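The values are calculated or read from the model by the stated rules, or taken from the named source; none is laboratory data. Computed from a predicted model, the values in this text were never measured in an experiment. Neighbour counts are summed over all protein chains in view; Cβ atoms, including those assigned to glycine, are modelled from backbone coordinates with ideal geometry. The area values use the complete protein model at the heavy-atom level, side chains included, leaving out ligands, DNA and RNA. Shrake-Rupley method; radii C 1.70, N 1.55, O 1.52, S 1.80 Å.
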Amino acid sequence: MAVSVFCNSCLCEPRSTAPRFCLTSCGHVFCEVCLQKGKKDECLICRKACRTLVLSKEVSEFQEKFRKRLLKYHKQKIAKLEESLKKVTQQIQQLQ
């Protein structure tokens, strides 16, 4: 599954010839071109003071693995809750 990363300003996506992408401490993603257009240490979207981290391939891969694990966890939790709901519904029907 492809990771949905794009610049929150110009909406460009990472490509081999594209500029590097950075993640801000406030959670926004920008290409270096847009980041250089804004004020230093200020988010282009929320205008909060922020720091930036260059998104490397390793960071993107780590985030993708984490996203998959989190999704699997929530699917399992939903399945357990659905089973519990089914049992409680059956119990209610038996009591009626």
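A few notes on this one:
- Taken over the range 15-25, residues that are exposed (fewer than 15 other Cβ atoms within 10 Å of the Cβ), within 21 Å of residue 63 (Cβ to Cβ) and of a type outside the set (Lys, Arg) amount to 3.
- Check on residue 40, basic (Lys, Arg), in a helix (DSSP H, G or I) and open to solvent by 100 Å² or more (accessible area, probe 1.4 Å): no
- When 26, 12, 50, 46 are checked against the criterion of being touching an Asp or Glu at 6+ places or on another chain (Cβ under 9 Å) and touching a residue at least 12 places away in the same chain (Cβ under 8 Å), 50 stands alone in meeting it.
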